[in-house]
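Encoded as structure tokens, the structure appears first; notes follow it.
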Amino acid sequence: MNIFKNISNPLTWFMALLLFAFVAGCSDGSTAPGTAADTTAPIVSSTLPTDAATGVAINTNIIATFSEAMDPVTITTSNFTLKQGATAVTGVVTYTNTTATFNPTVNLASSTFYTATITTVVKDLAGNALAVAKTWSFTTGTAADITAPIVSSTVPSDAATGVAIGGNIAVTFSEAMDPTTITTATLTLTQGATAVTGVVTYTGTTATFNPNVNLASSTLYTATVTTGVKDLAGNALAVAKTWSFTTGTTADTTAPTVSSTLPANIATGVAVNANITATFSEAMDPVTITTSSFTLKQGATVVAGAVSSPSTTTATFNPTNNLANNTLYTATITTVVKDLAGNALAVDKTWSFTTVAAATTGQLPVDLGLAGNYAILAKTGISTVPPSVVTGDIGVSPIDSTAITGFSLIMDGTGTFSTTSQVTGKVYAANYASPTPANLTTAVSNMEAAYTDAAGRVTPDFTELGAGEIGGLTLVPGLYKWGTGVSITTNVTLNGGATDVWIFQISGDITQASATQVILTGGALPKNIFWQVAGVVVLGTTAHMEGVILSQTGITLATGATVNGRLLAQTAVTLDGNTVTQPAP
């Protein structure tokens, strides 16, 4: 076939001839002259659910994110599979950007162990296959995820002014989202009624809109995330998110920097199950933060792991396996990493640390005694604006049952406890029939002893971390101490195993912002997390907390906040349409 027969312009014909000669010269699979061939095998850089995750929603999708763009033809139900034992789960596989999604045809079984596998048939765009198959497992919980996701933060923020004209727009969600639903149709930018053209990408929990050209100066723009965006369980945003900002007159040309690292440079005694975290001086483009641009090495040996961006200003490297004891490691973030305006780090950021000399048992869990029999235990009262949903027993002492308000209690015939539709369990008070008063006296005494135990632990692993602001961080197991209060303004992750323990000694208050989450990864369990708080604990609207709260003062949950753990207060607990679920023993 003559490919030039419809070309009449001589210059166009000549250029086409050159292109044809170039392509013909590369028909053997070679690359363009002067261009090195891509021979690097891709890897699966992260998965959702994570390996060994428990309590996974039965209606979730399974997600794998790759280290580079892949050949979508190779990503099918034959080489991305999900099994329950030897039985294959039927489903549909899709691929977008660098993410593959397995969507089961029907909900998974509850409390069941599943294994996902991606085979070496999967290849990148250069034809390089995975070096080894990727396999990970998880266990479902008992319920479906029916909670609508929310937009937890945006860059720029609403009503921001002086925004750089060359920047991107970033949206961080409250949970992992279905990447196939995040497109230029569901994440838009407009100037008045005029749509701005651009490219949308998604990684971790952050979506980015990159305008094709710089925005106009001194101009009002409006960004919108529609309800077409859904989480992994198919839950859409409850309402569209819209915010506006006004540009300045110049582009952002300032290179970002790494402002802090965890572990710090030349740190010693670092836990072998630690994650490596970098905090940047400004919001970053999460697409540029990968296992290629954020690496960890022991000598010349690359450490396998997954890279994530818990917030737009942080990046975390989670090693696949525990690090070796008494060993020097070096972390590097390269100049491939860029901010939202496309400015790269001026120089590579490199820092080193040494792991602890010998394996240690870490902190022992705090013994709750009989206080561990309660989801909520308080000395001066428990109130709710109904309906709240509490799974586990609740109790008050030495105050009597008149201090339990909003629950519409129904006294049991034995007189030892009461019930309510808002509590899956029993309600106890100091004025109920024996043996309830004695049991409550012991439980309250044990609660106070547990508080003293947690507050009295010595030799903290971390002191004054983040100056009390832990939002956006990934926290390894250990003892943390603050002489002030603690704020959680963005999601915070606790990463560790099922036997690892976290103890937080807080001399002031805990304030958790609305719609933020305490997230557990790596198999961490809420029963092993202890928040010892001298001041008050305030959880914002729809915030989510994990762990046992030992408060010397009060605990207040704003509307829709949820807790997977226990609320143990030496004064009162105040609820407002909340969900509190006691952890498994």
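Listed values, structure above:
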{"read-out": "Whichever lysines have a C-alpha closer than 16 Å to that of Lys83, once near sequence neighbours (fewer than 8 apart) are set aside", "value": "Lys134"}
{"read-out": "Backbone HN-Hα couplings from phi across the range 44-57 [Karplus 6.51/-1.76/1.60, Hz, Gly and Pro as x]", "value": "8, 7, 7, 9, 9, x, 6, 4, 6, 5, 10, x, 5, 4"}
{"read-out": "When each of Lys230/Lys349; Lys241/Lys527; Lys379/Lys527 is checked by Cα-Cα distance, pairs over 24 Å", "value": "Lys230/Lys349; Lys241/Lys527"}
{"read-out": "For the range 91-104, 3J(HN,Hα) per residue [Karplus equation, 6.51 cos²θ - 1.76 cosθ + 1.60, θ = phi - 60°, Hz, x = Gly/Pro]", "value": "x, 10, 10, 10, 9, 8, 6, 10, 10, 10, 10, 9, 10, x"}
{"read-out": "Accessible surface, the range 219-283, averaged per residue in Å² (probe 1.4 Å)", "value": "41 Å²"}
{"read-out": "Answer label, with Rg/Rh (Cα atoms, Kirkwood Rh) calculated from the coordinates and candidates (i) 1.12; (ii) 1.16; (iii) 1.02", "value": "(iii)"}
{"read-out": "Computed label-point distance, nm, for sites Ala69 and Val458 using a 7 Å Cα→Cβ extension", "value": "6.0 nm"}
{"read-out": "Value of relative contact order over the range 400-464, rounded to a whole percent, pairs C-alpha under 8 Å and six or more apart", "value": "21 percent"}
{"read-out": "Rough spin-label spacing in nm, given labels placed 7 Å along Cα→Cβ, for Thr120 and Ala160", "value": "4.5 nm"}
{"read-out": "Rg/Rh (Cα only; Kirkwood hydrodynamic radius) as it applies to the range 158-200", "value": "0.98"}
{"read-out": "Gain on full stretching of the segment that runs from Thr416 to Thr330 - 0.36 nm per residue minus C-alpha separation", "value": "24.9 nm"}
{"read-out": "Probe 1.4 Å, accessible area per residue of the range 431-585, Å²", "value": "32 Å²"}
{"read-out": "The range 148-222, relative contact order [Cα under 8 Å, separation at least 6], %", "value": "32 percent"}
{"read-out": "Within the chain, percent of DSSP bridges classed antiparallel, to nearest 5", "value": "55 percent"}
{"read-out": "Alpha carbon centroid spacing (whole Å) that separates the range 558-580 from the range 38-105", "value": "36 Å"}
{"read-out": "Relative contact order %, the chain, counting alpha carbon pairs below 8 Å whose residues are six or more apart", "value": "9 percent"}
{"read-out": "Per-residue ³J(HN,Hα) for the range 123-130, Karplus 6.51 cos²θ - 1.76 cosθ + 1.60, θ = phi - 60°, Hz, x for Gly and Pro", "value": "9, 7, 5, 8, x, 7, 8, 3"}
{"read-out": "Whole-angstrom gap from the range 177-196 to the range 517-547, using each part's C-alpha centre", "value": "34 Å"}
{"read-out": "With 5 Å bins from 0: P(r) over the range 105-195, alpha-carbon pairs, percent", "value": "3, 8, 11, 14, 13, 14, 14, 10, 8, 6, 0"}
{"read-out": "With DNA, RNA and ligands ignored, accessible area of Ser487 (1.4 Å probe; Å², nearest 10)", "value": "50 Å²"}
{"read-out": "Of all accessible heavy-atom area on the chain, the percent that carbon and sulfur account for (1.4 Å)", "value": "57 percent"}
{"read-out": "Aspartates and glutamates with Cα under 14 Å of Lys123, excluding same-chain neighbours fewer than 8 positions away", "value": "Asp38, Glu68, Asp71"}
{"read-out": "Distant-in-sequence amide H partners of Gly478 (H built 1.01 Å from N, under 5 Å)", "value": "Val501, Trp502, Ile503"}
{"read-out": "Helix 436-456 vs. the chain, principal-axis angle (Cα, 0 to 90°, nearest 10)", "value": "50 degrees"}
{"read-out": "Acute angle (nearest 10 degrees) that the helix 10-25 long axis makes with the longest principal axis of the chain, alpha-carbon atoms", "value": "70 degrees"}
{"read-out": "Highest-first arrangement of 292-301, 376-385, where packing means the average Cβ count within 10 Å", "value": "376-385, 292-301"}
{"read-out": "Whole-angstrom gap from the range 387-408 to the range 472-511, using each part's C-alpha centre", "value": "28 Å"}
{"read-out": "Qualifying aspartates and glutamates (Cα of each under 20 Å from Cα of Lys481; at least 8 residues distant if same chain)", "value": "Asp367, Glu448, Asp453, Asp461, Glu464, Glu469, Asp500, Asp509, Glu546"}
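The values are calculated or read from the model by the stated rules, or taken from the named source; none is laboratory data. As the structure is a computational prediction, the values presented were derived from the model and not from experiment. No Cβ is skipped: glycine too gets one built from the backbone with ideal geometry, and neighbour counts run over all protein chains shown. Quick note on the areas: whole protein, heavy atoms, side chains included, nothing else; ligands and nucleic acids left out. Shrake-Rupley method; radii C 1.70, N 1.55, O 1.52, S 1.80 Å.
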